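Novice: Okay, handing you the structure first.
The values are calculated or read from the model by the stated rules, or taken from the named source; none is laboratory data. All values reported here derive from a predicted model rather than from experimental measurement. Quick reminder, even Gly has a Cβ in these numbers, built from the backbone with ideal geometry, and neighbours come from all protein chains shown.
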Protein chains: 2
Amino acid sequence: MATLRGGDLSRLRQLNALTAIGMLRGAGPLTLSALAERAGLSRPSTKEVVDELMELGWVEETTPAQGTLGRPARRYRFRASNGYLVGLDIGGHNIRAALADLNGEILAETRRPVHPDIPLDERLAAIEQTVAGCLALGGKTIADVWIVAAGTIGVITPEGRILYCAAIPAWTGLDLAGHLREMFPCEILVENDSRLAAKAEAVRGAARDASDVVFLHVGRRMGAAIIIDGKVHRGFGAAAGEIAMLPQAQLFDASEHLQNCPIIPEGISPADAAGYTLAAARADDPVALAAVERYVDDLAVGTSAMVLLLDPQVVVLGGGFSRSADVLLPPLRERLERTCIRLPDLRASTLGDECVVTGAIDYAVAHLDHQLFTPDAPLPTSGDPQKMI
Amino acid sequence: MATLRGGDLSRLRQLNALTAIGMLRGAGPLTLSALAERAGLSRPSTKEVVDELMELGWVEETTPAQGTLGRPARRYRFRASNGYLVGLDIGGHNIRAALADLNGEILAETRRPVHPDIPLDERLAAIEQTVAGCLALGGKTIADVWIVAAGTIGVITPEGRILYCAAIPAWTGLDLAGHLREMFPCEILVENDSRLAAKAEAVRGAARDASDVVFLHVGRRMGAAIIIDGKVHRGFGAAAGEIAMLPQAQLFDASEHLQNCPIIPEGISPADAAGYTLAAARADDPVALAAVERYVDDLAVGTSAMVLLLDPQVVVLGGGFSRSADVLLPPLRERLERTCIRLPDLRASTLGDECVVTGAIDYAVAHLDHQLFTPDAPLPTSGDPQKMI
């Protein structure tokens, strides 16, 4: 049941301001009248709210379009350039960074290959370089950045410590958030990479319209994440999504069928082996097709467990192998039709290799909303981020 | 982001009224001052709200306690006797009914054994008799009843049609809500029985303090239900929880280990066979203990899949076999410790065989809250339920 103290007018104004910010972030520049209509406020109240938000620095007037006749109506937008967000994807073989404004619009992206076995200090240095390159590319400095949100492999505590990571040696037990905090003088967030990828699918990818989603992070490693009621599910100890750890789910080693297919020529690197098999299957090579069948046999067991348990609206196939969704989805659909009560909509990710880094940005935007644009605290001025977040 | 129209005072009064109803339902009789404090309202606003709610018939004054000195402060409570709710558990072998007031307090319970193979018309007649007996026991008639909420086995559409049911022949394809509507002139709700049992655990059972829960409905049949973020998860097509349908989850036939244990004497009915094995295991019979080990081996596979995927705070063991939780939980805990990243709290249900029928009442109470006590529609008078629900 809702609780609202009677007559608490400043709270009412606060809610009106949040409504206006929400509308302006979602819909881009709006006139006062358009904003009033969308926010369900009177025009005078809207004017009052917009004036206050401009004073606080959260809203700005846009430049009127050139060549319009007469005096054009003023249009207002959220000042997304008040600060910037950095997303990081720290994988076994690649480090990716992205720079975005406060609306989550991505302005620059960088990638740097690394070897899974490099020592910790080299990996940390590579992270710092990837971010520095991304900031330079976007014409910003770290002082402009409010939040660095990092995704990586493994079971990660809410405080950003890595409890367990099979893919990166020396990652298990690491206080990743602590190391990032030493590098970057801003708010640090750390989250499991599959959950960030699922977040990106929900915000701007294949699952935009769905509130119950199973996300399959398929690649040489297998990850999973679930969205329930529109929210990425972390679990009580932030360890959700680890069904691949159960041998009977047949997910953990499934990619071996693709990695070790006998048709793969000598000299193909392990990074390209599965892709070779998938391409050969697309060209109807019978040995490759048989390997794909065995891979999908395994993938379908764990996927069926998730689908039968959760009955999601959508299953999204994301991650490296999702580039071959045309090869993988038809046999997966056929198996799920046999095992599941209701077949969910099976979709391929549209975000490709950028899914984790994009999700890191979307996670930072959501964190910002939760911390700043909340009815539980007064709206701050848009000045020094250190004082706000 | 919250949206609230500025200066919409009648809406504010509505929210205040809902807050007051919520407090009075949760905390029993309260004085005006106590209610004002809990609701965060001024005393004059509280008086206004209470007067309005008394006029609408939702709140009543309680009789002052006898023998108090001086003039006692008036105390108010929610009028839970405005209407009544019936819960039904339509199982393969038993039909149970419960009668409760609008607070969900159970006033009468009845049970009637049935055979799983009786024809549909006999089963429907048995349902009607069980409800009639329960109403007579509680001194009410069907005209007093606002909602009949039924739980039964199977995959059930949101409209109350049974898509699939392995346990009751002739149940598959049945429009159960339609049949119940012909019997009872009130609102009809139909839901999967394991989900209702999980709801009861969350409202008044072993999972009262938890918002992420896996509920194992263990008995001759195996069911499961999950609670995410405090809500029983139905799934997009209302088919969630059916992981037992997957052979690799090793849940579907697990109970056979207990049902067919070689120590069970001739003449023990199938309904009592597993209970015999579990009792013998409690008395350290080695053959029974071995059967329990095999049962738990199977149970642990599907349970691990759920725990690894969801990372729940609590796993509740409910249903018929949960009477032997002392025998089952220690070996289950030992297996989950080996397979899971984080061991959830394992608890035995405290609701016993009444878990489904109790959950049906709790489901009806939640439906009532959602339909009547919502900020989205004006609060009705507490008169004819047909006009309200």
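Table: residues versus (1) within 14 Å of chain B (Cβ to nearest Cβ); (2) under 17 Å from the mean Cα position of the chain (by Cα); (3) at pLDDT below 85; (4) crowded, with 16+ Cβ neighbours inside 10 Å.
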{"position": "A:S322", "(1), (2), (3), (4)": "no, yes, no, yes"}
{"position": "A:D326", "(1), (2), (3), (4)": "no, no, no, no"}
{"position": "A:P330", "(1), (2), (3), (4)": "no, no, no, no"}
{"position": "A:R335", "(1), (2), (3), (4)": "yes, no, no, yes"}
{"position": "A:C340", "(1), (2), (3), (4)": "yes, no, no, yes"}
{"position": "A:A364", "(1), (2), (3), (4)": "no, yes, no, yes"}
{"position": "A:D376", "(1), (2), (3), (4)": "yes, no, yes, no"}
{"position": "A:I389", "(1), (2), (3), (4)": "no, no, yes, no"}
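Novice: Now, a different point. Are any of the residues in the stretch B:296-304 away from chain A (no Cβ under 14 Å) and modelled with pLDDT of 95 or more? So that I can check it myself, show each step before the final result.
Specialist: Filtering the stretch B:296-304 for residues away from chain A (no Cβ under 14 Å) gives B:296.
Then keep just the ones that are modelled with pLDDT of 95 or more; that gives B:296.
Taking every residue of the stretch B:296-304 in turn, at least one turns out to be away from chain A (no Cβ under 14 Å) and modelled with pLDDT of 95 or more.
Novice: Since A:E187 meets every condition but one in (1) modelled with pLDDT of 95 or more; (2) more than 28 Å from A:A274 (Cβ to Cβ); (3) within 14 Å of chain B (Cβ to nearest Cβ), which condition does it not meet?
Specialist: Only one criterion in (1) modelled with pLDDT of 95 or more; (2) more than 28 Å from A:A274 (Cβ to Cβ); (3) within 14 Å of chain B (Cβ to nearest Cβ) is unmet by A:E187, namely (3).
Novice: Consider B:P312 against the criteria (1) more than 13 Å from every other protein chain (Cβ to nearest Cβ); (2) assigned to a loop (DSSP other than H, G, I, E, B): it satisfies all of them except one. Which criterion is unmet?
Specialist: Result: B:P312 passes all but (1).
Novice: Just one of the numbered conditions (1) surrounded by fewer than 16 Cβ atoms within 10 Å (Cβ to Cβ); (2) within 21 Å of the chain's Cα centre (by Cα); (3) modelled with pLDDT of 80 or more is not true of B:G26; which one?
Specialist: If we test B:G26 against (1) surrounded by fewer than 16 Cβ atoms within 10 Å (Cβ to Cβ); (2) within 21 Å of the chain's Cα centre (by Cα); (3) modelled with pLDDT of 80 or more, just (3) comes out false.
Novice: In addition: Look through A:V203, A:V213, A:V155 and report the one residue that is crowded, with 21+ Cβ neighbours inside 10 Å, under 26 Å from A:D229 (Cβ atoms) and not assigned by TED's automatic domain parsing to the domain that holds A:E105.
Specialist: Details: A:V203 fails: crowded, with 21+ Cβ neighbours inside 10 Å; A:V155 fails: not assigned by TED's automatic domain parsing to the domain that holds A:E105.
After ruling out the rest, the residue left standing is A:V213.
Novice: Still on this structure, I have one more. Return the residues of the stretch A:206-259 that are within 21 Å of B:S211 (Cβ to Cβ) and of a type in the set (F, W, Y); say none if nothing qualifies.
Specialist: Residue satisfying the conditions is A:F236 alone.
Novice: Exactly one condition in (1) surrounded by fewer than 21 Cβ atoms within 10 Å (Cβ to Cβ); (2) under 20 Å from A:E354 (Cβ atoms) is false for A:A170; which is it?
Specialist: The failed condition is (2).
Novice: Looking only at the stretch B:237-272, how many residues end up being farther than 26 Å from A:I226 by Cα and either at the interface with another protein chain (Cβ under 7 Å from one of its Cβ atoms) or not β-branched (V, I, T) (or both)?
Specialist: Residues in the stretch B:237-272 being farther than 26 Å from A:I226 by Cα and either at the interface with another protein chain (Cβ under 7 Å from one of its Cβ atoms) or not β-branched (V, I, T) (or both): 17 in total.
Novice: Given B:L35, B:L4, B:L9, which one is at pLDDT 90 or above, under 21 Å from B:L379 (Cα atoms) and not basic (K, R)? I'd like the intermediate steps shown before the answer.
Specialist: Numbers: B:L4 fails: at pLDDT 90 or above; B:L9 fails: at pLDDT 90 or above.
Sole residue among the options that is at pLDDT 90 or above, under 21 Å from B:L379 (Cα atoms) and not basic (K, R): B:L35.
Novice: If a residue must be in contact with a Phe, Trp or Tyr (Cβ under 7 Å, 6 or more places away or on another chain) and of a type in the set (V, I, T), how many such residues does the stretch A:171-220 contain? Spell out how you get there, then give the answer.
Specialist: If we filter the stretch A:171-220 for residues that are in contact with a Phe, Trp or Tyr (Cβ under 7 Å, 6 or more places away or on another chain), which is where we start, we get A:172, A:186-187, A:189, A:191, A:194, A:196-199, A:201, A:212, A:218-219.
The next check asks that each one be of a type in the set (V, I, T); those that pass are A:172, A:218.
Result for the stretch A:171-220: 2.
Novice: For the stretch A:190-225, give me each residue that is among the polar types (S, T, N, Q) and either under 18 Å from A:M306 (Cα atoms) or at pLDDT below 95 (or both).
Specialist: A:S194, A:S211
Novice: Let me ask something else about it. Would you check which residues across the stretch A:279-309 are outside any helix (DSSP H, G or I) and on the phi < 0 side of the Ramachandran plot and list them? So that I can check it myself, show each step before the final result.
Specialist: Within the stretch A:279-309, the first condition is being outside any helix (DSSP H, G or I), and the residues that meet it are A:283-285.
Of everything in the stretch A:279-309, those that are outside any helix (DSSP H, G or I) and on the phi < 0 side of the Ramachandran plot turn out to be A:A283, A:D285.
Novice: Have a look at B:R208, B:R234 and point out the one that is part of a loop (DSSP other than H, G, I, E, B) and either away from chain A (no Cβ under 11 Å) or in contact with an Asp or Glu (Cβ under 6 Å, 6 or more places away or on another chain) (or both). Walk me through it before giving the result.
Specialist: Values: B:R234 fails: either away from chain A (no Cβ under 11 Å) or in contact with an Asp or Glu (Cβ under 6 Å, 6 or more places away or on another chain) (or both).
Only one candidate qualifies: B:R208.
Novice: Out of the residues in the stretch B:213-231 that are in contact (Cβ under 8 Å) with a residue 60 or more places away in the chain and assigned to a loop (DSSP other than H, G, I, E, B), which is farthest from the chain's Cα centre (by Cα)?
Specialist: B:R220
Novice: A:D229 versus (1) out of contact with any strand residue (DSSP E or B) (no Cβ under 6 Å at 6 or more places or on another chain); (2) facing chain B (nearest Cβ under 7 Å); (3) closer than 19 Å to A:F321 by Cα; (4) not hydroxyl-bearing (S, T, Y): which is the lone unmet condition?
Specialist: Here A:D229 meets the rest and fails (3).
Novice: Another question, then. Yes or no: the stretch A:342-356 includes at least one residue that is at pLDDT below 95, surrounded by fewer than 21 Cβ atoms within 10 Å (Cβ to Cβ) and over 19 Å from A:S194 (Cβ atoms).
Specialist: Yes: the stretch A:342-356 contains one or more residues that are at pLDDT below 95, surrounded by fewer than 21 Cβ atoms within 10 Å (Cβ to Cβ) and over 19 Å from A:S194 (Cβ atoms).
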